[in-house]
1. May I ask you to verify whether residue 81 is within 29 Å of residue 122 (Cβ to Cβ), modelled with pLDDT of 90 or more and part of a loop (DSSP other than H, G, I, E, B)?
2. Residue check, residue 166 against (1) surrounded by fewer than 17 Cβ atoms within 10 Å (Cβ to Cβ); (2) in contact with a strand residue (DSSP E or B) (Cβ under 8 Å, 6 or more places away or on another chain); (3) closer than 12 Å to residue 77 by Cβ, all met but one. Which one?
3. Would you confirm whether any residue within segment 8-25 is at pLDDT below 75, touching a strand residue (DSSP E or B) at 6+ places or on another chain (Cβ under 6 Å) and either within 30 Å of residue 164 (Cα to Cα) or surrounded by 10 or more Cβ atoms within 10 Å (Cβ to Cβ) (or both)?
């Protein structure tokens, strides 16, 4: 019977000299691997997240950032004043128009009152052949049919009775005269009368 020889054990020794150059290469390689892993993880998170909501449509506000207003070139009875303005605009209160320097005239709208004689400018009209461009304007007052400027509003713009009155407004065109309200001339019109309407952006 043969005797089993004991197994020889061998030890392998690998001697690696760590030089500064080798250490720098190893550190740089580790940083590259970590950075690539970070980018891959971030990309996976972005693709897994729900889609961001679409940005809302741009507002109708002008490029200047000013709110727009205009006077209609067509005439309306007071009962139609509240529906006379273009989409995106509404029948204006005098208090929304009081300081037109903070507004921009929307002369590009098809129903805006414009003309070749208006001082070659793009602002609002102030008169036509000497007649002030008065148009219906909301007053903010209770439903009223009196002959008092600033109160009369054709019974809340529901009346076309010739004995009822509505308040009108136009930008002053006689700078030497006193205005009724800041730069506005205020008047009255019988509610049977068709007239322009002041409109302002929503």
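The values are calculated or read from the model by the stated rules, or taken from the named source; none is laboratory data. All of these numbers come straight from a predicted model, not from anything done at the bench. Here the Cβ is made from the backbone with ideal geometry for all residues, glycine too, and neighbour counts use every protein chain on show.
1. Values: within 29 Å of residue 122 (Cβ to Cβ): yes; modelled with pLDDT of 90 or more: yes; part of a loop (DSSP other than H, G, I, E, B): no.
Judged against the criteria, residue 81 is not a match.
2. (1)
3. As a first pass, look at segment 8-25 and keep what is at pLDDT below 75: 8-25.
Imposing the further condition that a residue be touching a strand residue (DSSP E or B) at 6+ places or on another chain (Cβ under 6 Å) reduces the set to none.
So far as segment 8-25 goes, no, none of its residues is at pLDDT below 75, touching a strand residue (DSSP E or B) at 6+ places or on another chain (Cβ under 6 Å) and either within 30 Å of residue 164 (Cα to Cα) or surrounded by 10 or more Cβ atoms within 10 Å (Cβ to Cβ) (or both).
Table: residues versus (1) closer than 24 Å to residue 88 by Cα; (2) more than 32 Å from the chain's Cα centre (by Cα); (3) at pLDDT 95 or above.
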position	(1), (2), (3)
125	yes, no, no
131	no, yes, no
134	yes, no, no
142	no, no, yes
160	no, yes, yes
176	no, yes, no
179	no, no, no
